Amino acid sequence: MSGPLSLAWRYVWHHKVKSLILIASVVLTVLLPVTIRILLWQFNQKIASRADATQAVVGATGSDLDLALNATYFRINPDMKPIRYDEAKYIQETGLAAAIPIHARFTAKQFHVVGTSLDYFKFRGLEIETGFAFGTLGDCVLGHDVAQQLGIAPGQQLESDRRNALAFAGETPLRMTVAGVLKPNGSPDDRAVFVDVKTTWVIEGLGHGHEDLTDATEDSVQVLKKTDKQIIASAGVTEFIEITDNNIGSFHFHGNVDDFPLTSIIVVADSEENETILQGRYQTDPNRNGRQLARPPVVIRDLMSMVLRVNRFFEANSLLVGLATAMLLTLVVVLSLRLRAREMETMFRIGCSRGTIVWLQVWELVIILAAATTLLAGLVFAVWSVSGEIVQALLVG
Amino acid sequence: MISIRDLQFRYPRTDFSLQIPELTVAEGEKVAFVGPSGCGKTTLLNLVAGITTADSSSVVTAGQNVSNMSSSQRRDFRILNIGLVFQQFELVDYLDLKSNILLPFAINRSLQQSKDMEARAIGLAKEMGLGDKLKRFPQQLSQGEKQRCAICRALITEPRLILADEPTGNLDPKNKRTIMELLFEQAERFGQTLVMVTHDMSILGGMDRTIDFEQFRSETPATTEATS
């Protein structure tokens, strides 16, 4: 190592705290905007590719963004109104598109429980890694990450979360049986629990199973009233929280299934033309009032252009912060030079050239910047490595 | 070793002036510069070392006229021929004792650091009683140890001339005595010329000659200004 470089290194090493503060200042000033840029890029990539794979969705009127995010990322805005199940039937009957129901309102161990049909797996190209697809009420198929994080395998059980800890009536946690686990596919599907849409209605309290009251007498605690045609059960009747081969026969729905809720419907049109015709109907047909057809690619593009506009202000701000940091660093260097004036003068008196003294300062700066760049590169790489997962987790919620 | 003729020097925009018609210091001689503060003792050391120059004069050090040298020549000449010892020690705080001794090799390419020089640095440190403190930093050394380290740094290049500017100014009597003994011993052993600026009359006994600078002080401004 040359003299000035060696001396510069020793100075930086000896004054570790000062050097680390300088390095940290440089790293943080650059890392923050770079991280935001990486996350935004990943966000754009992920959300755009998912949206592009979901050309149209139908749901209640309101925010088309909420609707798109529900169908693609299973996110639910509490204010989002449901649509009826028969809307899916309507879409099918138009002959313009296929309809895949989505009822994503519940969670199990904080993972979204997505009520849908087996068509969803085909539509997204999802494959079963172990076990089988859901076949009966109460079965569930786990996304790859869910199975890994919870350590659950086919044959084991998973209970749905109670949406409100104080809601003891109606909505009941359901102990679901894991039928299969999906292969990883790097999408929000990895972090979801898929069930038949009817299973979500059971969770919602629209369907249930309980002990057989056929033989119960009117004076038993489970019966409020019994006639030849009707048995009215009391609160004392035992409701099943798990669907098994033995009790599946007792599960039934109250009301008309066509009226049951869906949060959204994925529309799979054969052609863009059919999709446009269908969209036209949702815009003009009075019978479709209260419902809308949204195009996630367009919705997400609008969202991203807004995000990028906001980001421009942020980047301008980062530039100013960078400038302020550069000025502060200059101040630190200048003050340091003043403090070290005697040291420099001694070197000069002993026989060091002014140029070498300048080189000594330059090397110190180079070492600080090189250390900062190396650290920054490592951190940027780390951010880059986990950015996809971070964005996925943020989007899936 | 030192030959000065017709030196007229003054710092710009000051009343200070130094006029030396003739002054010589022989090879191997130990000479003390004494006189009140501000009379030009340190200035003369700077002129002899080529740190400062006076245009129209003759300052010949170690057989070379430093006044005629370029600044880079003077630097190289200084580091090869002159060992400097300062009152405030002027050690580099982020270098350990050994690296401080070897500092001249790190700051000027005229000197090539070798294993021999490292061994010499360790040897000098041992002779100065610092053998067990080679890894210590200046702030971990006593005043006396700092000055001994500074003397090692001045001697490491095996200079022909040692210029010491009040080397005992910041030391207690015991350390003062030790430092002077070490300086004399080294100078005598290697036949080095020692020129020392001092206010301490108690150390003049070991010197061959004492020059009182009061005689060189002039009330009228000299014509030659300083350059560096």
Check the range A:79-91 and report whether any residue there is more than 22 Å from A:V202 (Cα to Cα) and not assigned by TED's automatic domain parsing to the domain that holds A:C352. yes
B:Q140 versus (1) in contact with a strand residue (DSSP E or B) (Cβ under 6 Å, 6 or more places away or on another chain); (2) within 13 Å of chain A (Cβ to nearest Cβ): which is the lone unmet condition? (1)
Based on what the data block shows, is B:V48 closer than 22 Å to B:A187 by Cα and either surrounded by fewer than 20 Cβ atoms within 10 Å (Cβ to Cβ) or β-branched (V, I, T) (or both)? yes
Given the options B:G83, B:G28, B:G35, B:G63, name the one that is of a type outside the set (S, T, N, Q) and free of Cβ contacts under 8 Å to residues at least 12 places away in the same chain. B:G63
Taking only pairs six or more apart or across chains, which ones have beta-carbon atoms under 6 Å, a first residue in the range A:1-26 that is touching a residue at least 40 places away in the same chain (Cβ under 8 Å), and a second residue that is hydroxyl-bearing (S, T, Y)? A:P4/A:T356; A:Y11/B:Y94; A:V12/A:S19; A:S25/A:T325
Per the filter on the range B:58-96, residues in a helix (DSSP H, G or I) and away from every other protein chain (no Cβ under 13 Å) are B:S67, B:N68
Among the numbered criteria (1) assigned to a helix (DSSP H, G or I); (2) surrounded by fewer than 17 Cβ atoms within 10 Å (Cβ to Cβ), which one does A:R349 miss? (2)
Checking the structure you have, find out if any residue of the range B:133-141 is of a type in the set (S, T, N, Q) and free of Cβ contacts under 8 Å to residues at least 24 places away in the same chain. yes
Does A:L69 satisfy the condition of being modelled with pLDDT of 90 or more, within 14 Å of chain B (Cβ to nearest Cβ) and part of a helix (DSSP H, G or I)? no
Residue in the range A:29-44 that is of a type in the set (D, E, K, R) and outside the structural domain of A:F123 (by TED's automatic domain parsing) present: yes
The lone condition A:R281 fails out of (1) among the basic types (K, R); (2) under 30 Å from A:G207 (Cβ atoms); (3) over 30 Å from the mean Cα position of the chain (by Cα) is (2)
Any chance the range A:339-351 includes a residue that's more than 30 Å from A:F106 (Cβ to Cβ) and away from every other protein chain (no Cβ under 14 Å)? no
Could you list all residues from the range A:66-90 that are more than 21 Å from A:R281 (Cα to Cα) and over 15 Å from the mean Cα position of the chain (by Cα)? A:P78, A:D79, A:M80
Among the residues of the range A:93-114, write down those that are surrounded by 15 or more Cβ atoms within 10 Å (Cβ to Cβ) and within 17 Å of the chain's Cα centre (by Cα). A:I102, A:H103, A:A104, A:R105, A:F106, A:T107, A:A108, A:F111, A:H112, A:V113, A:V114
Out of (1) outside any loop (DSSP other than H, G, I, E, B); (2) of a type outside the set (D, E); (3) within 19 Å of the chain's Cα centre (by Cα), the one B:L111 does not meet is (1)
Does A:Y85 satisfy the condition of being closer than 19 Å to A:D302 by Cβ and either touching a residue at least 60 places away in the same chain (Cβ under 8 Å) or in contact with a Ser or Thr (Cβ under 6 Å, 6 or more places away or on another chain) (or both)? no
Specify which of the listed residues (A:V358, A:V310, A:V362, A:V332) is assigned to a helix (DSSP H, G or I), hydrophobic (A, V, I, L, M, F, W, C) and within 30 Å of A:L69 (Cβ to Cβ). A:V310
Just one listed residue, out of A:I23, A:I36, is of a type outside the set (S, T, Y), away from chain B (no Cβ under 14 Å) and surrounded by 21 or more Cβ atoms within 10 Å (Cβ to Cβ), and it is A:I23
Positions within the range B:152-190 being assigned to a helix (DSSP H, G or I), over 14 Å from B:G28 (Cβ atoms) and among the aliphatic types (A, V, I, L, M), in sequence order: B:A154, B:L155, B:I179, B:M180, B:L182
Considering every residue within the range A:55-66, establish whether at least one is among the charged types (D, E, K, R) and either touching a strand residue (DSSP E or B) at 6+ places or on another chain (Cβ under 7 Å) or under 22 Å from A:C140 (Cα atoms) (or both). yes
Could you say whether any residue in the range B:56-72 is within 18 Å of B:L194 (Cβ to Cβ) and in contact with a Lys or Arg (Cβ under 6 Å, 6 or more places away or on another chain)? yes
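The values are calculated or read from the model by the stated rules, or taken from the named source; none is laboratory data. Note that this is a predicted model, so its numbers are computed, not measured. Reconstructed Cβ throughout: ideal geometry from the backbone, glycine too, with neighbour counts over all protein chains shown.
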